[in-house]
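Contents: one structure, followed by commentary.
The values are calculated or read from the model by the stated rules, or taken from the named source; none is laboratory data. The structure displayed is predicted, hence computed values, not measured ones. Ligands, DNA and RNA are excluded from the accessible area calculation, which covers all protein heavy atoms including side chains. Shrake-Rupley method; radii C 1.70, N 1.55, O 1.52, S 1.80 Å.
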Amino acid sequence: MASVVFDPPPTPSRRPVQPKRRGDRFGRGDRSAMAVWFWEIDRVLLALVTVLIGIGLIAVAAAAPAAAHRYSDATHAMPTLYYFWRQLMWTALAVPVLIATSMLPKDLARRLALLGAAVFTMLLILVPILGGAEKNGAQRWIFFGPVQVQPSEFLKPMFVVAVAWMLSLRKKDQQLPMVPMTFLYLGLIGAFLMKQPDLGQTVIFASVWLCLLTLSGFPVKYLGMIGAGGVAALGCAYMFYSVARVRIDGFLKIGEAGKQVDSYQVESAYNTLTNGGLVGMGPGAGIMKFRLPEPHTDYIYSVIGEEFGLIACLAIALIYLAIVMRVFLKLLHEEDEFLFFASAGLVTQFGLQALINMMVNVHLAPSKGMTLPFISYGGSSMIALSLGFGLLLAFTRKNPYLTRSPYIVTWNAGMGNSGVGGAERPGR
């Protein structure tokens, strides 16, 4: 009898693992943290703020010689590009802060911002107690070793998130006294800001609070009462707050205050800005900038006008406007109350600060001592703005796949119900 021999089944051949192609990196199938961030982030906002940072480095390089000349004396001559190199260092620190903050999950970003609001409110209170650093007659900074920190700059975005969170809780339970609590919080901050003194920052905080209150659906009659109270407060500040009175009188050329330094500053800024005409005198060719008191910070917009022209100033203003409009258009479809309030407040604070700085430079507002976002020199300002804009990018992140559907829904006017075949997608 013949024996039957069974051959073992052939071993299935394994396909060699193909190395990931270069094109797969940041592709739609890549689920790494950076790839997910890249697809969810608003890349238009990211591009616009990158342009502002680049413009800021160029502008500080143009203003640095004037600033170095102003702060040099017979015994000490500052390097011509001293402020540019320092701004480059601050930018190298601030950009990773912006990116890292924008990558945070929204809940974690909210919690960290609320913690930051508590910390920087305490630091703001400690400024006069610790005898913070004084500059140009204002006490706004605290020294931590060699590092000089301005708590109010960091508190601005944190304050927005804190107020947005409290107002979002009010939407869930109308009985919660969140509006009075936000008012008390604003009053606490305003009192310590006026003590520094810092009228400009107080105006920013109050304006953002009022904007959030309006967006929350607060009754119009009460908003009118708050507005009337604000006008009365400004009148009291003019009568009893010497800093406000001197600045307003200097701006309006009333009495002896019209001859003081404040008027000279805004007039010098306006003359510098218009000296370059439409296209400017060219990089480094500005002359009037050497007469400015703070060419690298408060009045850097005027330096841009002199060296790069009014067209460049208009382009910068349009970039700020594009950022504000972009965020508010995205918020038209936002359903989360907290994200809506926080994003709207952050972009309002950002745009209002830019607007006030530009108005001062074109002699439409008295001097405020306020920087131009991402363009003016300053470590505290640069890092605080990066934190705020990073929070804005985190709160406006969207998963592009959540709102995609194979079904296309339209409104059938004749039948009064939905049908397939249109171009409108349902909201998330």
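Glu40 accessible area, nearest 10 Å², 1.4 Å probe?
Ignoring ligands and nucleic acids, Glu40 comes out at about 40 Å².
So, how do all the Cα-to-Cα distances of the stretch 35-187 break down into 5 Å bins, in percent, from 0 on up?
2, 7, 11, 13, 16, 16, 14, 10, 6, 3, 2, 1, 0, 0
Which ³J(HN,Hα) values in Hz, rounded to whole numbers, follow from the phi angles of the stretch 94-99 under the Karplus curve 6.51 cos²θ - 1.76 cosθ + 1.60, where θ = phi - 60° and Gly and Pro get x?
Karplus-based 3J(HN,Hα) across the stretch 94-99 equals 6, 4, x, 5, 4, 5 Hz.
Take every Cα-Cα pair in the stretch 38-97 and report what % of them are more than 16 Å apart.
Numbers: 971 of 1770 pairs.
Value for the stretch 38-97: 55 percent of Cα pairs lie more than 16 Å apart.
If you count only protein heavy atoms and use a 1.4 Å probe, how large is the accessible surface of Arg43, to the nearest 10 Å²?
100 Å²
Taking all protein chains as present, what is the carbon and sulfur share of the accessible area of the stretch 260-361, in % to the nearest whole number, probe 1.4 Å?
69 percent
At q = 0.16, 0.20 Å⁻¹, what is the log10 ratio I(q)/I(0) for the stretch 286-408, with the Debye formula run over Cα points and no solvent?
Cα-only, vacuum Debye calculation for the stretch 286-408: -0.83, -1.12.
Between their Cα atoms, which of Lys106/Lys171; Lys330/Lys368; Lys156/Lys368; Lys106/Lys330; Lys106/Lys195 are more than 23 Å away from each other?
Lys330/Lys368; Lys106/Lys195
Using θ = phi - 60° and the Karplus form 6.51 cos²θ - 1.76 cosθ + 1.60, what ³J(HN,Hα) does each residue of the stretch 176-185 get, whole Hz, x for Gly and Pro?
3J(HN,Hα) across the stretch 176-185, in whole Hz: 5, x, 6, 5, x, 5, 5, 5, 5, 5.
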